[in-house]
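The values are calculated or read from the model by the stated rules, or taken from the named source; none is laboratory data. All values reported here derive from a predicted model rather than from experimental measurement. Virtual Cβ from ideal backbone geometry, glycine too; neighbours counted across all protein chains shown.
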């Protein structure tokens, strides 16, 4: 009898829009199941979903302890976080990429790390090589 492997969960969470002092719209997407190493390239992620978020429930929605969540007052449009079972490859402040790591629990802001721009550069490079 074969055991079914549990699905490893990695999500990208974007603070999309501040609607009022006590309401943000977040955009969530899960990492595609066939991806084991990733950056922030759109082709690595499933379809985005929106969720309205209030101060009293945002840490639960981010899937982190309240003590690990960014302070509500510091949330700004455009911030991007990774949450779930992954590890950083390379320097914590300038990662080369991220790797799925079952059982590990991580929460990290990535829009300020330069990895987003690198993912876009890699995608353009892949496209150029194919032409």
Q: Of the numbered conditions (1) part of a loop (DSSP other than H, G, I, E, B); (2) on the phi < 0 side of the Ramachandran plot; (3) at pLDDT below 95; (4) loosely packed, with under 15 Cβ neighbours inside 10 Å, residue 113 fails exactly one; give the number of that condition.
A: (4)
Q | Looking only at the range 37-46, and only at residues there that are modelled with pLDDT under 95 and in a loop (DSSP other than H, G, I, E, B), the one that is farthest from residue 90 (Cα to Cα) | A | 41
Q: For the range 28-37, state whether one or more residues are in contact with a helix residue (DSSP H, G or I) (Cβ under 7 Å, 6 or more places away or on another chain) and in contact (Cβ under 8 Å) with a residue 40 or more places away in the chain.
A: yes
Q) If you go through the range 53-75, how many residues are loosely packed, with under 11 Cβ neighbours inside 10 Å and out of contact with any helix residue (DSSP H, G or I) (no Cβ under 9 Å at 6 or more places or on another chain)? A) 4
(Q) Please determine whether any residue of the range 18-32 is in a loop (DSSP other than H, G, I, E, B) and out of contact with any strand residue (DSSP E or B) (no Cβ under 9 Å at 6 or more places or on another chain). (A) yes
Q: Among the candidates 50, 73, 77, single out the residue that is over 22 Å from residue 113 (Cα atoms) and at pLDDT 95 or above.
A: 50
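Could you tell me whether the range 80-88 includes any residue that is loosely packed, with under 13 Cβ neighbours inside 10 Å, in a loop (DSSP other than H, G, I, E, B) and either on the phi > 0 side of the Ramachandran plot or touching a residue at least 12 places away in the same chain (Cβ under 8 Å) (or both)?
Looking only at the range 80-88, we keep the residues that are loosely packed, with under 13 Cβ neighbours inside 10 Å, and these are 87.
When the remaining residues are screened for being in a loop (DSSP other than H, G, I, E, B), the result is none.
Checked against the condition, which is being loosely packed, with under 13 Cβ neighbours inside 10 Å, in a loop (DSSP other than H, G, I, E, B) and either on the phi > 0 side of the Ramachandran plot or touching a residue at least 12 places away in the same chain (Cβ under 8 Å) (or both), the range 80-88 yields no hits at all.
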Q: Show the residue pairs that are 6+ apart or on different chains and have beta-carbon atoms under 8 Å apart, the first residue being within the range 61-74 and more than 15 Å from residue 14 (Cβ to Cβ), the second being assigned to a loop (DSSP other than H, G, I, E, B).
A: 72/55
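If you go through the range 1-20 one residue at a time, how many are over 22 Å from residue 44 (Cβ atoms) and at pLDDT 95 or above?
4
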Q: Go through the range 89-108 and count every residue that is part of a loop (DSSP other than H, G, I, E, B) and either in contact (Cβ under 8 Å) with a residue 60 or more places away in the chain or more than 13 Å from the chain's Cα centre (by Cα) (or both).
A: 6
Q.
For the range 52-72, check the following and say yes or no: at least one residue is closer than 19 Å to residue 21 by Cα and assigned to a strand (DSSP E or B).
A. yes
